[in-house]
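First up is the structure itself, then whatever we jot down about it.
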Amino acid sequence: MAKKNKNVGMLILDFFSSYLLCIACLVILGLLVWFSTLEMKFIGLSGALDKYYSSDLDKFFVLPTINGDKVLPLPLPGAYWVCAVLFLNMLVGGLIRIRKSWRNIGAVISHFGIAGLLVVGFVDHHESIHSKMETFQGNTYDYTTKFDFTSIEVSEFTAEGDKKKPYVIKHDMIVDLEDGMRRFKFQDLPFDLEVRNFREHAVVRDVANYVKSQESGESVDGFFLQPAKFDASQDYYNYGCYVQVKPKNGEPPRQIILCRSMGFPQTFSVDGKLYGVEMPNEIWPMPFSVELINSVGEHYPGTNRPSKFQSTIAWTGKDDDSVEKLKTIKMNEPMRYEGFTLYQANWSEPINGLEFSGFEVVNNPADQWPKACMWISAAGLLIHFALRLFKYLVRETKKQNANQEGEA
């Protein structure tokens with residue numbers, strides 16, 4: 001009897017639920033992890049993550065490199081998209097189409113746990129927030145700076161030159177501007193700000209030595225803002241924009257270029273008072289405070305690259321201000337509190353006699369989900385192999401009884 005031809009829908013379903021697709025995804029993921037680990041030495045952690053694990057469509061395929069410069073003609077799909085296909089394979093083949101019976105209930109449970117791990121990865125990729133906390137010995141910190149977020153801070157200076165508490169224009173208020181313009185009004189300041197030509201990555205150039213492109217905008221005091229390609233190995237976005245200060249008293253407006261790389265405020269005066277405007281990373285208040293007690297580390301022999309390092313901190317939570325706790329944070333032993341995780345990220349020798357330590361602070365809603373998924377997968381495998389063992393023992397017992405009856 002001839003087999004019934006399958007329609008296109010069934011063929012697609014068979015493809016996405018096949019063992020071959022699962023094996024292909026796992027092999028490609030293994031290659032991506034291997035190549036990204038090798039390339040991390042040359043382009044840094046952020047560069048490797050951006051190249052191999054990005055969800056951007058323009059990075060759907062990646063070309064690995066060897067020794068930092070030799071490109072391999074081996075286009076591989078990005079890890080994000082491979083994981084998406086693997087999740088679909090687990091969902092269709094391991095949870096929907098799999099034959100449901102008590103004999104393979106363990107396999108179903110294991111597939112559920114593995115699919116959950118992939119969901120954790122997607123949640124972490126899209127919902128988690130990463131930031132930096134750079135600490136010096138003896139100082140207390142209750143904030144971090146977000147990796148990929150900038151801000152515009154407007155401050156008034158006192159007669160002694162001290163900066164007052166700034167007015168902050170947050171990242172999401174300006175990130176959509178590009179070639180547009182937005183005006184910000186301050187009730188307590190004698191001027192407004194017009195922000196325009198926001199660039200995700202840019203450098204400040206002087207007119208005398210560089211030629212402006214069409215995307216650069218006008219020059220200010222002999223300088224202009226040149227859009228640049230993001231260099232992920234630098235671990236930060238060098239945001240930039242143009243700002244026009246509009247005094248409310250009718251004085252002429254002031255044109256200012258802002259860029260994250262400047263590192264200091266651009267100053268101007270209105271009504272005889274001194275003000276400054278700058279573009280740092282966006283500040284992120286923490287529900288705890290940290291004081292660095294000490295930080296120790298070691299370098300690889302003959303290099304300046306740290307091989308291992310750890311820090312001891314005194315920290316206080318928001319609900320127990322009078323109780324100070326000590327915690328030693330190592331490279332693989334973070335601190336967790338109120339949904340935030342504090343990782344040991346970088347370290348250097350004492351700076352001006354003060355010990356230094358850098359932490360990565362992550363707020364990930366799926367931070368503890370992997371534990372549950374691993375327990376689910378382990379329970380499923382335990383049930384699966386226990387049932388297989390039971391089936392084997394029953395079969396062997398029947399064979400022995402049959403043999404004994406035959407001999408009798």
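Every number in this text was worked out from the coordinates using simple rules, so none of it is lab data. What you see is a predicted model, and the numbers here were worked out from it, not measured in a lab. Note that we place each Cβ from the backbone using ideal geometry, even for glycine, and neighbour counts take in every protein chain shown.
Descriptive notes on the structure:
- Taking a span of 18 Å or more along the helix axis (Cα atoms) and a mean Kyte-Doolittle hydropathy of at least 0.5 as the rule, the DSSP H helices of the chain that qualify are 19-52, 105-127.
- Convex hull volume per residue for the range 255-308, taking Cα atoms only, in Å³: 196
- Based on every Cα atom in the range 114-246, Rg and the maximum pairwise Cα distance Dmax equal 18.7, 62 Å.
- FRET efficiency for A372 and E134, using Cβ-Cβ distance with R0 set to 35 Å, rounded to 0.05: 0.60
- Both the radius of gyration and Dmax for the chain are 29.0, 116 Å, in that order, over alpha-carbon atoms.
- The range 363-383 residues near the modelled L389 label - backbone nitrogen below 20 Å, point 7 Å along Cα→Cβ: 375-383
- Local electrostatic count, N89, Cβ distance below 12 Å [Lys/Arg +1, Asp/Glu -1]: 0
- Stokes-Einstein D in µm²/s, Kirkwood radius over Cα pairs - the range 1-140 at 10 °C with 1.306 mPa s viscosity: 89
- Reported to the nearest whole Å, the Cα centre-to-centre distance from the range 170-216 to the range 79-149 is 37.
- Surrounding net charge for S131, when Lys and Arg each add one and Asp and Glu each subtract one, Cβ distance under 11 Å: -2
- Were the residues from V119 through K100 laid out at 0.36 nm apart, the gain over their Cα-Cα distance would be 4.5 nm.
- Check: the chain dipole with +1 on Lys, Arg Cβ and -1 on Asp, Glu Cβ, in debye: 2360
- With the charge dipole of the range 146-283 set up from +1 on Lys and Arg Cβ and -1 on Asp and Glu Cβ about the Cα centre, the Cα lying farthest toward the positive end among the listed residues P166, V204, F147 is that of P166.
- Charge sum, other residues only, whose C-beta stays under 11 Å from L63's C-beta, Lys/Arg counted +1 and Asp/Glu -1: +2
- Ordering Y275, N238, P227 by the projection of their Cα atoms onto the charge dipole of the range 146-283, which places +1 on the Cβ of Lys and Arg and -1 on the Cβ of Asp and Glu, puts Y275 at the extreme positive end.
- Simple label model, 7 Å out from Cα along Cβ direction - F16 to Y300, nm: 4.3
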